[in-house]
Amino acid sequence: MKTYEGMFLVDPAQASTKWDESVAHIKELITKHGGKIININKWAERKLCFPIKQQRRGTYVLSYFEAPPESISKLNADFNLSEIVLRAMILVKTEKEMKEILNPTPPASRTGDRAPVRHKKEVDNA
């Protein structure tokens, strides 16, 4: 079993009126192919750059799940056939990435994220 991140674009009318059914549909498709849900959340509703299945807006659902690698192609096919899910994108996540996602470190404790700020005088003298 590998860990995956799934970003699903859901029909906004379906998401606003039948949110629980939309999430249940995504969970059902993942578990149907031997997957196990780790986390699933509503991310945002946005205006789309171009219409997808005659929709100009979409609701994004972000999910993390475990599944056998051989089931991902079947899972993608099921999401492409879904009338609720407009688009689906599934990415593989490493253990390190999942640790950072599930247990984020506070920004103050991070070191080395940014290069030190150098003033013009320091640059000229270097």
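Values quoted throughout were computed directly from the atomic coordinates according to the rules given, and no laboratory measurement underlies them. Nothing here was measured: the structure is a model prediction, and the numbers come from that model. For neighbour counting, all protein chains shown are included, and Cβ atoms are generated from backbone atoms with ideal geometry for every residue, glycine included.
Annotations
- Dipole of the stretch 10-64, positive direction: furthest Cα of Ile26, Ser63, Cys49, with charges on the beta-carbon: Cys49
- Remark: the stretch 2-94 is approximated by an ellipsoid whose semi-axes, taken from the C-alpha gyration tensor as √(5λ), come to 22, 13, 12 Å, largest first.
- Listed residue pairs exceeding 30 Å between alpha carbons, taken from Lys53/Lys96; Lys27/Lys47; Lys74/Lys96; Lys18/Lys96; Lys2/Lys47; Lys42/Lys93: Lys53/Lys96; Lys18/Lys96; Lys2/Lys47
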